[in-house]
Structures are given as structure tokens and as C-alpha cells.
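Here's the structure we're looking at; comments come further down.
The values are calculated or read from the model by the stated rules, or taken from the named source; none is laboratory data. Computed from a predicted model, the values in this text were never measured in an experiment. Don't worry about glycine lacking a Cβ; one is built from the backbone with ideal geometry, like all the others, and counts go over all protein chains shown.
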């Protein structure tokens, strides 16, 4: 998919985002084709505009680092790995401001998210205007394109209000230069988001998921919008809408769940074998950002780079396609090691790579294919490794050889979260690994990014039930069937090989890189047994929760750490833990913790980089200086006082 360069010019003229790259001649436009804006009033033009806006809204955020900076850093799930290019987003230090000081060229600027979201809104406004005005009688225009336009605008405004609070509402394309903007209230932005998603829901069909926006996608995100409006971050004004919002969520979610059954095996979500393979078309998927192997296509999914630990700098190891190119931006947190039932819950072992094969063996003892790196994710109290002083004294049972590089979460058995791990050594989140890339050092990923899947829909419904119970409608137990559906899918099945492992790095067979299969660090095995220190298990113990007063031990530990005692706080903690276990790394966590106002307490408890600095005001992002410097009031640039009035408190 390609996007016409004119789109960016249109929204820049609107004046909402004047980026740091703009110069005094930023209004100059040179059309590279013979087409004018009149083209986007035709049926063909409207559909072309929709295609371009899909690209801008869904694909562009995953080409670079700003998306994970704004959604995964600074939470309980991840901290900075071996590269601190964007550490400010995780640490909440003085650099997190309306201008982010650049560590290097990889540092995500404060305005990147803002600018990209408003570009998408400008494109969506053109779709809505032109599809509405069109005299076409085709459903492809009057229903599908129009519904997609409303969805795309709402999707971007939901992201904006979730990140920044109140923001300027721009609902029509500009026909001349506009420079005067003020921030609407969060209440007004939420009302617009819900209105737009409702319009999309009423117009769209259920054809084409997950590549196309459907009625179910609109329902899923409409439920999310209702949930956001009903969340704690809006409690100063949402009392009049809260009960009705929460009541509306259940029917929306139930309809989506009926059409998108969970895939029976959690691992299949991540078992990527190549572009457009089976795992990119599962029934669970509601909406995905589409990427392609076509080298002539625009678009670049770079997320496979950021979650990988360094492996290629260790003895007898080298970089390969299956291990990916490890930029080492996000390190797995100790919160995740304690949040999962490591014996019965398969999700950690199917989401994180804990073993690597040697791929550059030297000497006569080791050969390529031997186990070369192992992460032991044990628990406090396990002192099996206390006597070891070197990594290479642990023996691999299948070969009898020592393992050159072993990293143990709790080597002495003492609870000392994070103190004994080097930040470049951690089990890599494997949800984005891509072994089908075209070259060893290729940054361009080919696999799709899941935006919405029905496992999250279950958890949205569950959260609504918890919130309704807190309002006196129903009971907290009403949430359990939704949560248990997700937990039971995660349970190891009877007879399942619990050491079996797969991730997108195993897609080497689909790669055209030409790399020799012998230079291959992928290992179809995890460290389940070494970590848990139990004999081979084939029977199943399910994860069903039957009582809200006796939650799983992992959750009771977290509840105790955070000091929660009320029934509501306990259940919300359990729900947020479950979202972490199911959706870890999927670009949702910061917004979940921000809207529930649990970001500060969780970051202080589980993110040692953030703990010294995070404050309540960090539940919103700084308004970018480029916006504040670019707008006017009564024909003049804003004064410092006027700029501060449009800035979020604390920045």
C-alpha cells in the first residue's frame, strides 16, 4: 500500500501539527501526479483514500520506536534492555517533556505520536466528507468507505485522549490555513469517539477480517471506548454516563466473541511461518495491520527488532535470521516472572524465547545445534543454583554437555527482583520475531501486527462486569466466566509436550535471505522443566478460578505487594494481571494502567527505572512543543502563559 504525499500536506495546512522538520516554506506543495483533490471525490478516489489511510493509521506506527515507547515502556511489563536510546520514556525523568532530548537518531521525539495520529484524522475527515457528499449508490462508498472513515477517526482520537487527555477536535478538512486551536475536554473527545465508532458499527458489514475494518472491529473498539470513559482517569466527570456505558459493553463483546472464537492453541497466534500464513488468518483475529513480502510495497514493520536480547555477542554465537537482529530495547520485567503460574499456564513459555542453539561452535566439544544459551525462570526459594559461580556448570540432560551461557532469575533463591540480571540478557518476547526476512540485517519485517483479538474482548467484558459490581449491579463473580475462558485456553492440554516451543524465528524456511540452515540459533524447546525442576508432566491442571475471595497465588502475591484490600481493588488487580499474562507486549499496557490510575503504584513496585521518578501527572503525556509553538490565538503566537495553559499539569 502506498500513501500519496499530498495527504501530509493537507493536514499540515490544517495547522494542528507543525513538526520540527517544518521550515518557512512548509506550505509549498508540488503535486507529483496530475491528480488534484477532485480525484478524492470520485468512487475510485475515495477507495484509494481509504487504502492510504489504513496504511497511515495501522501500519505507520509500527515503523519505528515511538509506538512501544508510548505503550510498553514505563510499565510493570518491561524496562530498558541493553540500549537506552529511548530510556526517557521508561524512566519518567526530567527529559520526558514537551521536547525530548535526543540520545541519538533513534530517540522518539515528543511530537511523533501526536503528528501521526492527526495525519490519520485529517485523512479520515476527507473520507467522511467525500463519501457523505458522494452521489454514488454503491454500498462500497455509502456504507463501507464511510464506515471506515468514521472508524479511523475514532480510532485515532481514542489513542489521543488516552495518551494526552483533552485534545483539539478537528472534524472537517481545512480549505485554508488554520492556526488557532484549543484543546477540547476529555468528555467532548470521548463523546466524539463513541459517536464515530457507533456510526461505523451501524454502517459496516462483517466481511474481510482481520485485513479489513468490520462491524466486529467497530464493536470491539466501541466497547473499549465505553470502558475508557468509565475508567478512573475520568472519574471527575463520568458519573452521569458510567452505568450506561458499562451496561452497553457486554452485548457488544458477546456478539464479537460469538464471531471470533479463540484459537484452541495459544501458541498458534505466534507460530508465524511466513507472510500471509495460517497464523495471520485465525478466527480469533479481529483486526491486524497488514504487511507484505512484496519488496515494491511501502511499509516497514520494525517491531521484531526491539524485544530481542543480545545473543550474537556471546562466545560461539553469531547473528542469524532466526535469532533476529537484536536491538535490545525492551527487557522482560521480574513482574512477569512472578505473574504467571509457570507450571500450568502455557503463555509465558509460548511468548518468550528461553533457549538458543549454538550456531558458531568452536573446538571439538561443542557443535552447532548444541544448547548454547538458557534462561532459567525459577521462583524465589529455589536455591539449586546458589553453589554455582560460573554460567557453564549447568548440564543439558539430552546431551550431557555443559551449557555455555545460563542465566537464572533467582540464582540464590532469595527474592531480589532484577538485581542479578544483566540488561542485555533476558528472555526475548517472541511475539514479533520474523525469520522470513530477506536478509540477515534486514530491518523490514514482513509479518502482520495484531491490533485486536477476541481474547481481549473477553477481558473487556470481564472488566465491565467488575465495574458494574462495584456500582451495585451484579456480582464480581460475573466476570469469572469471561476470564476463565481466556485462562482455560492458556492451560497446558493433557498430553501436551510442555517443552515444545515455536516462534516467528522458525520461519527460516520462508526466508529468501540465503543464510545457511546450519547458522541457526532457533531451538524448538523451552526451559520449562529446567526452570520448574519437576519431572515430565503430561496431565493437565486447569486454571479455572472459582472464587473471587481466593484468587491464584500469583495474584494474591501481587495484591499483597500493592497493598489492596477491597473486593473491587482485588478484582481489578486480578483483571490487570490477566491482561498482562494474555496481552503482554501487544501495545496496550501503558494505556490500561493510565486509565485505571494504577500506573504509578505498579511502576513503583515493579519497574526499578521508573520507581524513583514517576508521579501522578505521568498518567498523561506532555503536549508537544511543536504544537504549542505552531498555533496562534487572535492572530498572534501564544505567550508562555497561554502555552502553559494548553500544557498538561506537571510538564
Out of all the residues in the range 356-402, which are touching a helix residue (DSSP H, G or I) at 6+ places or on another chain (Cβ under 9 Å) and in a strand (DSSP E or B)? 374, 375, 376, 402
Looking only at the range 558-572, count every residue that is surrounded by 16 or more Cβ atoms within 10 Å (Cβ to Cβ), closer than 20 Å to residue 474 by Cα and without any contact (Cβ under 8 Å) to a residue 24 or more places away in the chain and tell me the total. 1
Could you list, in sequence order, all residues of the range 537-555 that are exposed (fewer than 15 other Cβ atoms within 10 Å of the Cβ) and at pLDDT 95 or above? 544, 546, 547, 549, 550, 553
Which ones in the range 493-513 are assigned to a loop (DSSP other than H, G, I, E, B) and within 26 Å of residue 323 (Cβ to Cβ)? 496, 497, 498, 499, 501, 502, 503, 511, 512, 513
Could you please let me know if residue 313 is in a loop (DSSP other than H, G, I, E, B), out of contact with any strand residue (DSSP E or B) (no Cβ under 6 Å at 6 or more places or on another chain) and buried (at least 24 other Cβ atoms within 10 Å of the Cβ)? no
Which of (1) in a loop (DSSP other than H, G, I, E, B); (2) surrounded by fewer than 21 Cβ atoms within 10 Å (Cβ to Cβ) does residue 167 not meet, given it meets every other one? (2)
Out of the helices (runs of 4 or more DSSP H) lying entirely within the range 517-611, which hold 2 or more residues that are touching a helix residue (DSSP H, G or I) at 6+ places or on another chain (Cβ under 8 Å) and more than 24 Å from residue 408 (Cα to Cα)? 553-562, 567-583, 589-595, 599-606
Could you list, in sequence order, all residues of the range 196-212 that are assigned to a loop (DSSP other than H, G, I, E, B) and either on the phi < 0 side of the Ramachandran plot or touching a residue at least 24 places away in the same chain (Cβ under 8 Å) (or both)? 204, 205, 206, 207, 209, 210, 211, 212
Test result for residue 76, surrounded by fewer than 23 Cβ atoms within 10 Å (Cβ to Cβ), outside any helix (DSSP H, G or I) and modelled with pLDDT of 95 or more: no
Take residue 258 and decide whether it is within 29 Å of residue 593 (Cα to Cα), at pLDDT 95 or above, touching a helix residue (DSSP H, G or I) at 6+ places or on another chain (Cβ under 9 Å) and part of a helix (DSSP H, G or I). no
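The rows are residues; the columns are (1) touching a strand residue (DSSP E or B) at 6+ places or on another chain (Cβ under 6 Å); (2) crowded, with 20+ Cβ neighbours inside 10 Å; (3) in the same structural domain as residue 238 (by TED's automatic domain parsing).
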{"residue": "158", "(1), (2), (3)": "no, yes, no"}
{"residue": "179", "(1), (2), (3)": "yes, no, no"}
{"residue": "183", "(1), (2), (3)": "no, no, no"}
{"residue": "187", "(1), (2), (3)": "no, no, no"}
{"residue": "191", "(1), (2), (3)": "no, no, no"}
{"residue": "195", "(1), (2), (3)": "no, no, no"}
{"residue": "198", "(1), (2), (3)": "no, no, no"}
{"residue": "217", "(1), (2), (3)": "yes, yes, yes"}
{"residue": "220", "(1), (2), (3)": "yes, yes, yes"}
Residue 137: over 27 Å from residue 446 (Cα atoms), free of Cβ contacts under 8 Å to residues at least 24 places away in the same chain and part of a helix (DSSP H, G or I), yes or no? no
Do we have residue 91 as farther than 21 Å from residue 195 by Cβ and either buried (at least 24 other Cβ atoms within 10 Å of the Cβ) or out of contact with any helix residue (DSSP H, G or I) (no Cβ under 7 Å at 6 or more places or on another chain) (or both) here? yes
Can you pull out every residue in the range 170-195 that is under 25 Å from the mean Cα position of the chain (by Cα) and assigned to a loop (DSSP other than H, G, I, E, B)? none
May I ask you to list the residues in the range 261-289 that are over 17 Å from residue 586 (Cβ atoms) and not in a loop (DSSP other than H, G, I, E, B)? 278
Residues located in the range 51-67, provided they are within 21 Å of residue 599 (Cβ to Cβ) and touching a helix residue (DSSP H, G or I) at 6+ places or on another chain (Cβ under 7 Å): 61, 66, 67
Which of the residues spanning the range 295-310 are part of a loop (DSSP other than H, G, I, E, B), farther than 29 Å from residue 369 by Cα and touching a residue at least 60 places away in the same chain (Cβ under 8 Å)? 295, 297, 298, 299, 300
Within the range 502-516, how many residues are surrounded by fewer than 23 Cβ atoms within 10 Å (Cβ to Cβ) and in contact with a helix residue (DSSP H, G or I) (Cβ under 9 Å, 6 or more places away or on another chain)? 2
Being farther than 16 Å from residue 628 by Cβ and either in a loop (DSSP other than H, G, I, E, B) or modelled with pLDDT under 95 (or both), is that true of even one residue in the range 142-163? no
Check whether at least one residue in the range 421-438 is modelled with pLDDT under 95, part of a strand (DSSP E or B) and within 30 Å of residue 284 (Cα to Cα), and report yes or no. no
